Amino acid sequence: MKGNFSVRLLTAIMILFSVSFASAEVKSESENQEGKDLKTEIKEYIDHHLLDSYDFGLYSYTTEEGEHKYIGFPLPVILIDGGLKVFLSSKFHHGETVAEVGGNYYKLYHNKIYKTDAAGTITYDEAHHPTNAKPLDFSITKNVFFILLVSILMFVMFSRMAKKYKSNPLPTGIGRALEPIILYVRDDIAIPNIGKKHYKRYMSYLLTVFFFVWIINLLGLSPLGVNVTNNIAVTFALALITYLITTFTANKNYWGHIFWMPGVPVFMKIVLAPIELLGTIIKPFSLMIRLYANITAGHVVLMSIIGMMFIFKSWIGSPLSFGLAFALSLLELLVAALQAYIFTMLSALYFGSAVEEHDH
């Protein structure tokens, strides 16, 4: 029964993705007169799907009169520009209008907010880059919204589990499903890489980052258009936290092996010290790039294969593309968990090297 439910769920997801592309196809037919073909429209749709946004769009379509209709809800825009400016993103009407707030005018252009005039004028430099001033932006974008949502969900979920464990050591409810995963992170990731003496101080972070990345990646496979971990700013923040924890919890042996390696000639110590120090930065950098690149590549390939259904438009090509996309969706379920595992495993490995005790 569980297997049948998973298949039905994935089929529904694939159909919803196809419906989204169908709206792009309808739009493209009205724009072919302007010189855009279907392939260009699909590419633009994929690029748009990968971007963060200032509103939460569930669905969009174009009416017979050429009017774009958007189904979703706005998110709060928070700007610092001569004071605090707070308003809903619906004032931009998906970038089609200029927002007037406190006598200032703002325009959403290429997914960034610029200060402009009542006409929405955007000026450019020689390289065709906007020269308009940009206010400090602390808006609650779609990615930020889901980061907060998943954070609250995890806090509530694990807080309730902890309370139940105090009164009853046997897991109940969702605890039955999560306990084996928690024990796996402890017994197969934390202890082997960090050691029994120090692993407890890192468990809270390792569990948090594992479940956060896993849940966010699973949401990215839904038709909601959530692409948090394919935003390099998010993966940078996660990698930075790993780097800071490694740096500030490291013992003297860790720094001794970086700046003054035992058993190495003095000249080589001077040569290797900058390389070893650079290595401490390269390690979390690889964490950032690995998570970002794998998730982004998965989204691009999946959306491209689905888009092929609307290019072929044949009884052979369309079912074949749908089958490939369905198979890739199954693979992406594995990748979602695999990337969470890899990020957690490598973080534990870095923590273990930071607290390792040597006997020379």
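The values are calculated or read from the model by the stated rules, or taken from the named source; none is laboratory data. All values reported here derive from a predicted model rather than from experimental measurement. We place every Cβ from the backbone using ideal geometry, glycine too, and count neighbours over all the protein chains shown.
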Restrict the check to the stretch 287-308 and report whether at least one residue is in contact with a Leu (Cβ under 7 Å, 6 or more places away or on another chain), closer than 23 Å to Leu206 by Cβ and either acidic (Asp, Glu) or in a helix (DSSP H, G or I) (or both). yes
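For residues in the stretch 50-79 being in contact (Cβ under 8 Å) with a residue 60 or more places away in the chain and assigned to a strand (DSSP E or B), which is surrounded by the most Cβ atoms within 10 Å (Cβ to Cβ)? Don't jump to the end; show me each part of the working.
Restricting attention to the stretch 50-79, the residues satisfying the condition of being in contact (Cβ under 8 Å) with a residue 60 or more places away in the chain are 50-58, 75-79.
Those left that are additionally assigned to a strand (DSSP E or B): 55-58, 76-79.
On the way: Asp55: 21, Phe56: 17, Gly57: 17, Leu58: 13, Pro76: 15, Val77: 26, Ile78: 15, Leu79: 23.
The qualifying residue surrounded by the most Cβ atoms within 10 Å (Cβ to Cβ) is Val77.
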Apart from one, (1) modelled with pLDDT of 90 or more; (2) assigned by TED's automatic domain parsing to the domain that holds Ala250; (3) not β-branched (Val, Ile, Thr) all hold for Pro135; the odd one out is (2)
Cβ-Cβ under 7 Å pairs, at least 6 apart or on other chains, the stretch 218-235 side at pLDDT below 90, far side in a loop (DSSP other than H, G, I, E, B): Leu219/Val226; Gly220/Val226; Gly220/Asn227; Gly220/Val228; Gly220/Thr229; Asn231/Asp52
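Would you point out the residue of the stretch 110-135, among those that are within 22 Å of the chain's Cα centre (by Cα) and of a type outside the set (Lys, Arg), that is surrounded by the most Cβ atoms within 10 Å (Cβ to Cβ)?
Looking at the filtered set, the residue picked out is Ile113.
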For Tyr205, indicate whether it is in a helix (DSSP H, G or I), of a type in the set (Ser, Thr, Tyr) and within 30 Å of Ile232 (Cβ to Cβ). yes
Pick out the one residue from Ile140, Ile147, Ile152 that is loosely packed, with under 13 Cβ neighbours inside 10 Å, under 22 Å from the mean Cα position of the chain (by Cα) and hydrophobic (A, V, I, L, M, F, W, C). Ile152
Let me confirm something: among Tyr184, Tyr199, which residue is among the aromatic types (Phe, Trp, Tyr) and buried (at least 16 other Cβ atoms within 10 Å of the Cβ)? Tyr199
Being out of contact with any Phe, Trp or Tyr (no Cβ under 8 Å at 6 or more places or on another chain) and of a type in the set (A, V, I, L, M, F, W, C) is the filter; apply it to the stretch 80-93 and report the residue that is surrounded by the fewest Cβ atoms within 10 Å (Cβ to Cβ). Leu84
Out of all the residues in the stretch 312-342, which are at pLDDT 90 or above and under 16 Å from Ala297 (Cβ atoms)? Leu338, Gln339, Ile342
